[in-house]
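Notes follow once the structure below has been shown.
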Amino acid sequence: MLSILRYILGFAVFSIDGKNAERFLNLTVRSGINIWKIEKKTGKLFLAKITATNFKNLRNITKKFKVKIKLKSKHGFPFIFNKYKKRLGFLVGPICFVLIIYLLSFFIWNINVVGNKKLTEDEIIKATEELGLRVGTFKNSLDTELLEKNIMLKLADLSWLAVNLQGSSAKIEVKEKEEPPEIVPNEHPCNIISKKPGQITQIQAHTGKAEVKNGDSVAKGDLLINGFDQDNYGKSTINHATGKVFAITKRLLKEKVCFNQILYHNTKKVINRRSVEFFGLKIPLTIVPKPDENYKKELTVNKVRFNNLCLPIVFHKEKCIKQKKEKIMLNIEQAREKAQENLKRREEFEFKNAKILSTNIKERIENGIYYQDVEYTCEEDIAEESEITFEKRPETQSKESNNKKNKSLET
Amino acid sequence: MKKFKKLKISQKLKKIVKNTQVSPGLFSNPCHIEVNSNEEAIIEGCKGVLDYDKNLIRVDAGKMRLLFAGKELLLKCLTSDSLIIHGKILSVEFQDLKSS
C-alpha cells in the first residue's frame with residue numbers, strides 16, 4: 001500500500017557520495033525529510049530513495065557537508081504525466097471517453113429477463129423487441145407502463161410482468177401462469193375410479209368402501225372405491241374416498257428403425273465467421289461468404305461484461321464445419337440394438353410410477369423398415385379421483401310433490 | 001545544584017522502578033528495539049546512524065550505542081527517531097557510553 005502511494009506521489013533514486021554521508025543522512029531525517037531503502041554501494045557511495053517533492057530541499061543540506069548528491073532515476077505517476085503532458089491526445093481521449101459514456105447512458109445497453117420458467121428468454125426478448133424495447137433504444141422514448149400492457153397482451157402465458165429501467169439496463173421481471181393441478185378438494189365428496197383397464201392385485205382403501213376384490217378385472221372408468229358408505233343402522237354418508245388400487249396392466253410401445261441410414265461426419269474443413277454486435281448493429285469481422293447447407297453451424301455468443309454489468313458489445317463466433325454424408329445399411333442386429341436403445345429411453349419416461357413385470361417382444365420387417373412392438377405387463381396404481389356431482393331438482397316438480405303429500409295427509 | 005537535584009530524582013525513580021518491577025520505559029524514554037527473526041530490526045527512539053556498512057551498522061541510541069553486525073544489511077526506512085534494519089543480522093551489541 002505504501003509503495004503504491006509512493007508511486008502515485010512520485011519518488012527519486014539518488015546517490016550520496018562523500019565522507020560525512022551518515023551525518024548528512026541524520027540531518028536530512030531530522031529536518032523532516034524521510035528517506036527509505038538506503039543501500040551501501042562500493043566505497044563511500046550510498047543509494048537512497050526520496051519523495052519527488054523533497055528532493056529539491058536536499059540541496060540546502062548538502063551545502064553544509066562535503067557530500068555530492070546525484071539524481072539516478074525518477075519513478076512514479078507525476079513523472080509519467082510530465083512526459084506525456086504535451087501530447088493532446090492524452091487529454092482529449094479521457095474527455096471523449098467521459099462524453100461518449102455520458103451519451104451512451106441515454107440508451108438501453110442490455111435486457112435481462114428474470115423469473116421465466118416455461119417461456120425462454122429469447123421468446124420474451126423477441127416480443128419486447130417487436131414492441132420497441134431493444135438494445136440501443138433511447139430510454140426517454142420508452143413508456144414502460146404501456147409496454148408492460150402490450151407485452152402482457154402478446155404473451156398469454158404470463159400472469160404478471162414489470163419492466164424496470166436500472167441505469168442503462170432494462171430488467172424484465174415476469175411471473176408465469178401456473179395452472180392448478182386437478183385435485184378434488186378434501187371437503188368435496190368423490191369416488192375412486194380406474195384410469196386404466198387391468199386386473200386388481202392390491203386394494204388400500206383409506207376412506208370409502210372398496211367395490212372390487214383382488215383378482216377382479218376392471219375397465220377404464222370402473223368404480224373401485226365408493227364414496228357412499230352405509231353403516232349397520234342404514235345411515236348413509238358421503239365421503240371423499242381416498243386410497244390406492246394396484247392392478248396388473250398391459251401397455252404397448254412401438255419403435256421403428258429404417259435400415260437405410262444417413263450418417264454425417266465432421267470433416268477438417270472449418271470456416272470461422274466472427275462478428276461484433278454494438279447496440280444491435282452487427283458488424284462482420286471476417287469477410288467470408290455464407291456457407292451452404294452442407295455445413296453444420298455452431299454459434300457461440302460472448303457478452304462483454306464489466307463488474308457484472310452487461311455492456312452493449314456482443315461477440316458472435318460462428319463455427320461452420322463441413323459435413324460429409326455417408327449412407328449406411330444396417331443389418332437386423334444393429335437395427336434391433338438401435339430400437340432397444342430408443343425403447344429403453346422411452347421406458348424411463350413412460351413407466352416412472354410402474355413396475356415392469358414382464359415383456360413380450362414382437363418383431364417384423366416391412367418395406368425396409370424394422371418394427372419392434374413390445375407389450376409390457378406392469379403393476380401400477382390405477383386409482384383416480386372422480387368428483388361426485390349433485391343435480392338440483394327443478395323447483396316446480398318439488399312443489400307438486402309437496403302438494404301431493406299434503407293432499408294425501410288431508411285424506 | 002540543579003543537575004545534582006535532577007540526578008537524585010532520576011536515581012530515586014530508578015530505585016522505585018527496580019523495587020516495584022515496573023517496565024523501565026514507564027518513566028524514562030529509552031530506546032525500543034523489536035527484532036523479527038534475524039531478518040529485521042525496528043529501532044524506535046534512536047538519534048541517528050553513526051556508521052553504515054553492508055556488514056555493520058552503528059546506531060546512536062542516546063545513552064548507548066547499538067551495533068548490528070550481519071550480512072547484506074540495509075536501512076529499509078529512516079526517520080528522525082526510528083529506523084528499520086533489514087538483512088541477515090548475526091549479532092547485536094550494546095555499548096554503554098559511561099563505561100567506555
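All of the numbers you see were taken from the coordinates with simple rules; none came from a lab. Treat the numbers as computed from the prediction; the structure is a model and nothing was measured. No Cβ is skipped: glycine too gets one built from the backbone with ideal geometry, and neighbour counts run over all protein chains shown.
Given the options A:Y264, A:A170, A:G221, identify the residue whose Cα lies farthest towards the positive end of the charge dipole of segment A:167-321 (+1 on Cβ of Lys, Arg; -1 on Cβ of Asp, Glu).
A:Y264
Can you work out ³J(HN,Hα) from phi for every residue in segment A:203-210, in order, using Karplus 6.51 cos²θ - 1.76 cosθ + 1.60 and θ = phi - 60°, giving whole Hz and x for Gly and Pro?
Going residue by residue, I get 10, 10, 8, 7, 10, x, 10, 5 Hz, with x marking Gly and Pro.
Given the C-alpha atoms of segment A:110-176, compute the convex hull and give its volume per residue in Å³.
On the way: hull volume 4.8 nm³, N = 67.
Taking the convex hull of the Cα positions in segment A:110-176, it is 72 Å³ per residue.
State, in angstrom, two size descriptors of segment A:1-81 derived from its alpha carbons: Rg to one decimal place and Dmax to the nearest whole number.
Rg, Dmax (Cα atoms, Å): 12.5, 37.
Give the residue from A:L45, A:F77, A:L5 lying farthest towards the positive end of the charge dipole for segment A:2-82; charges sit on Cβ (+1 for Lys and Arg, -1 for Asp and Glu) and the dipole is referred to the Cα centre.
Of the options given, the answer is A:L45.
Which residues does a label at A:F77 reach in segment A:1-35, if reach means a backbone N under 20 Å from a point 7 Å past the Cα toward the Cβ?
Label zone hits: A:1-13.
Could you tell me the calculated FRET efficiency between A:K269 and A:N331, based on Cβ-Cβ distance and R0 = 45 angstrom, to the nearest 0.05?
Numbers: r = 32 Å, r/R0 = 0.70.
The pair A:K269/A:N331 has a calculated efficiency of 0.90.
Do you know the relative contact order of segment A:260-328, to the nearest whole percent, from alpha carbon pairs under 8 angstrom that are 6+ apart? Display every interim value, and only then the final one.
On the way: 133 pairs, mean separation 33.6, N = 69.
After rounding, I find 49 percent.
Determine the shielding of peptide A:32-42 by partner chains: average, over its residues, the number of Cβ atoms on other chains within 10 angstrom of each Cβ. Don't skip to the answer; put the middle values down first.
Values: counts 2, 3, 4, 5, 7, 6, 8, 6, 10, 1, 1.
Shielding by partners across A:32-42 averages 5.
Sum up the charges of everything whose Cβ sits under 14 Å from the Cβ of A:E363, counting Lys and Arg as +1 and Asp and Glu as -1, but leave A:E363 out. Could you put the intermediate results ahead of the total?
Details: positive: A:K254, A:K256, A:R336, A:K338, A:K362, A:R364; negative: A:E255, A:E333, A:E337, A:E366, A:D373, A:E375.
Here the count lands on 0.
State the dimensionless ratio Rg/Rh of segment A:338-377 (Rg: radius of gyration of Cα atoms; Rh: Kirkwood radius). Numbers along the way, then the final one.
Details: Rg = 11.6 Å, Rh = 11.3 Å.
Rg/Rh: 1.03.
Go through segment A:271-281 residue by residue and turn each phi into a ³J(HN,Hα) via Karplus (6.51, -1.76, 1.60, θ = phi - 60°); whole Hz please, and just put x for glycine and proline.
10, 9, 10, 10, 8, 10, 10, 10, 6, x, 8
Where does helix A:21-30 land angle-wise versus the long Cα axis of chain A, in degrees 0 to 90, nearest 10?
60
So, in nm, how far is label A:E363 from label A:E145 when the simple model puts each one 7 Å beyond its Cα toward the Cβ?
For A:E363 paired with A:E145, the spin-label model returns 7.1 nm.
Counting alpha carbon pairs within less than 8 Å and at least 6 residues apart, what relative contact order, in whole percent, applies to chain A?
Numbers: 711 pairs, mean separation 51.7, N = 411.
Relative contact order comes out at 13 percent.
Taking 10 °C and 1.306 mPa s as the conditions, I'd like the Stokes-Einstein D for chain A in µm²/s, using the Kirkwood hydrodynamic radius from alpha carbon pairs.
Working: Rh = 33.0 Å.
Estimated diffusion coefficient is 48 µm²/s.
Taking the Cα atoms only, what angle lies between the long axis of helix A:89-104 and the longest principal axis of chain A, rounded to 10 degrees?
20
Between rounded, prolate and oblate, where does segment A:176-333 land on the alpha carbon gyration tensor, with a ≥ b ≥ c its root eigenvalues, rounded for a/c under 1.5, else prolate if a/b exceeds b/c?
Values: a/c = 6.46, a/b = 2.12, b/c = 3.05.
Judged from the Cα gyration tensor, segment A:176-333 comes out oblate (a/c at least 1.5, b/c at or above a/b).
Amide H neighbours of A:I313 under 5 Å, at least 5 residues apart or on other chains, H built in the peptide plane: list them.
Here A:V304 satisfy the definition.
Could you work out how far apart the two model spin labels at A:K296 and A:E130 are, taking each label as a point 7 Å from the Cα in the direction of the beta carbon, and quote it in nm?
So the label points at A:K296 and A:E130 sit 3.2 nm apart.
Within straight cross-link reach of B:K71, meaning Cα distance under 24 Å, which lysines are found once same-chain residues fewer than 8 apart are removed?
Answer for B:K71, where 24 Å is the Cα cut-off: A:K19, A:K37, A:K40, A:K41, A:K44, A:K49, B:K47, B:K54, B:K88, listed by chain and number.
In a GNM of chain A with a 10 Å cut-off on Cα contacts, which of A:E173, A:E366, A:E350 has the highest mean-square fluctuation?
Most flexible of the set in this elastic network: A:E366.
Under the definition of Cα pairs under 8 Å and six or more residues apart, what whole-number percent is the relative contact order of segment A:71-194? Don't jump to the answer; show the numbers that get you there.
On the way: 119 pairs, mean separation 31.0, N = 124.
Rounded, it is 25 percent for segment A:71-194.
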